[in-house]
Amino acid sequence: MPREPEPPPSYTRYRARPRLLGGGERDRGAAGPLRDGRTSGGPLRERPGGWRRGPRWLRSLTWRRLTVKRVVLGVIALVLAWLALALVLFLISSHFERTAPPSNVAQALDPAGFPLTSANNILVLGSDRRPKGSKEPGANTSGPSRSDSIMLMRIGGGHDSRLSIPRDTVIEIPGHGLQKINAAYAFGGPALSISVIKRYLGVPINHVVEVNFEDFPQLIDAMGGVDYTGGCIVSRIDGGFSNGGYTLRLPKGTHHIDGKQALALARTRENLCAPNESDLQRAEHQQALFSAMKNRLLSPSSFLRLPWIAWNAPPAIISDMSGPTLLGLFGAMAVSGTPPTRVLKPFGAITLPDGESGLRVSEAERRRDVAQFMSG
């Protein structure tokens, strides 16, 4: 008798629900019964916060506690990255935004080592040329300009000293006879200025830096302004506010000044607050501004502004130095102190052939100041 066929086995279908992080109720390899009664091997591992499941990449993460050491290392990494960003911006700006002096300047300069490790004599010049349309009394708006300020810096290799030369100091300029020292810039630009100053002082000059007044305010503003301390100053640049220029008013004391005020201070020719002020006091104002800029750069608040400062510094100067050399110069300035600026002090006046009055500096005074400058 034929056997009746057995009915087909019954199956139970299960629908798998999508899970947010994937995986089953237990991790693969976790011990315990599954739906079909089988048992998986391995212990059940609990995740921090109660998570038992997740994608493989999440399950492979190692959860660690924050420690003081890891926080310090993270802060150091951020600081180094910030400094690296500022360095890159400075080098890029030095290459594309910096203005080079005339080609004949290189022939007048003396060779020297890297400014950070070797002593360098840097000639810093400022021009007295004013923008076209300036209504400032005595302003030069066309033709060759004279050097508005003259200062030597000796820096690098453990040296740090400064020597300022009054612009009305009378010297012998080849081919032009007795002239004020700032006239050399008008006759032959920075190259002739370098040559006559080297001859007058008897020292080598390795690099030259000219202040680019057009971009100078942007640098001060990138620094967040500077704290200037000095006497009362009232000056009308380009005719003052009433003539479309700028009027600077600084009472005696310490003031936080912005880029426009700093530029006006550097360009002040006649101080209405002290009409009898000489060129020596004017040089002192500029040196105080220079020191205020350095102090600002070394302040903690400038660290957050460092990339902006790095980008705006090269356009504010005209120099023969490339980006890495400028970086060495600023590095040497940062690690050095803030020495007082010596000024060649005249002992009397002299009348020039054109009728102008200049200042005379004794040879003994000049030699003494130069010796102290070179040894500083």
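The values are calculated or read from the model by the stated rules, or taken from the named source; none is laboratory data. All values derive from a computational prediction rather than experimental measurement. When we count neighbours, we look across all protein chains shown, and the Cβ atoms used for this are built from the backbone with ideal geometry, even at glycine. Surface areas here come from the heavy atoms of the whole protein model, side chains and all, with no ligands, DNA or RNA. Shrake-Rupley method; radii C 1.70, N 1.55, O 1.52, S 1.80 Å.
Of all residue pairs spaced 6 or more apart or on separate chains, those with beta-carbon atoms under 9 Å, a first member in the range 316-328 that is closer than 21 Å to Q218 by Cβ and a second member that is of a type in the set (S, T, Y) and surrounded by fewer than 22 Cβ atoms within 10 Å (Cβ to Cβ) are I317/T99; I318/T99; S319/T99; S319/T325; G323/S93.
I'd like to check something: does the range 319-336 contain any residue that is modelled with pLDDT under 90, exposed (fewer than 14 other Cβ atoms within 10 Å of the Cβ), part of a strand (DSSP E or B) and not charged (D, E, K, R)? Checked against the condition, which is being modelled with pLDDT under 90, exposed (fewer than 14 other Cβ atoms within 10 Å of the Cβ), part of a strand (DSSP E or B) and not charged (D, E, K, R), the range 319-336 yields no hits at all.
Tally time: how many residues in the range 168-191 are part of a helix (DSSP H, G or I) and either under 28 Å from the mean Cα position of the chain (by Cα) or surrounded by 21 or more Cβ atoms within 10 Å (Cβ to Cβ) (or both)? Can you show your working first?
Looking only at the range 168-191, we keep the residues that are part of a helix (DSSP H, G or I), and these are 183-191.
Imposing the further condition that a residue be either under 28 Å from the mean Cα position of the chain (by Cα) or surrounded by 21 or more Cβ atoms within 10 Å (Cβ to Cβ) (or both) reduces the set to 183-186, 188-191.
The number of residues fulfilling the criteria is 8.
Residues that are open to solvent by 50 Å² or more (accessible area, probe 1.4 Å) and free of Cβ contacts under 8 Å to residues at least 40 places away in the same chain were ranked within the range 341-356; the one that is nearest to N104 (Cα to Cα) is D354.
Within the range 192-245, restricting attention to residues that are in a helix (DSSP H, G or I), over 28 Å from K260 (Cβ atoms) and of a type in the set (A, V, I, L, M, F, W, C), the residue that is most open to solvent (accessible area, probe 1.4 Å) is L192.
Residues that are farther than 15 Å from P324 by Cβ, open to solvent by less than 80 Å² (accessible area, probe 1.4 Å) and part of a helix (DSSP H, G or I) within the range 85-113 comprise L85, V105, A106, A108, listed in sequence order.
Screening A316 against (1) modelled with pLDDT of 95 or more; (2) touching a helix residue (DSSP H, G or I) at 6+ places or on another chain (Cβ under 7 Å); (3) open to solvent by less than 30 Å² (accessible area, probe 1.4 Å); (4) of a type in the set (A, V, I, L, M, F, W, C) leaves a single unmet condition, (1).
Tallying residues that are of a type outside the set (D, E, K, R), closer than 15 Å to P340 by Cβ and surrounded by fewer than 18 Cβ atoms within 10 Å (Cβ to Cβ) within the range 292-312 yields 1.
Give the range 253-291 a look and list any residue that's assigned to a helix (DSSP H, G or I) and open to solvent by 70 Å² or more (accessible area, probe 1.4 Å), or say none. Please lay out each step first, then the result.
Our first condition is that a residue be assigned to a helix (DSSP H, G or I); within the range 253-291, this holds for 259-267, 279-291.
Across the range 253-291, the qualifying residues are K260, E284.
Against the conditions (1) crowded, with 18+ Cβ neighbours inside 10 Å; (2) modelled with pLDDT of 90 or more; (3) closer than 18 Å to T268 by Cβ, R249 satisfies every one except (1).
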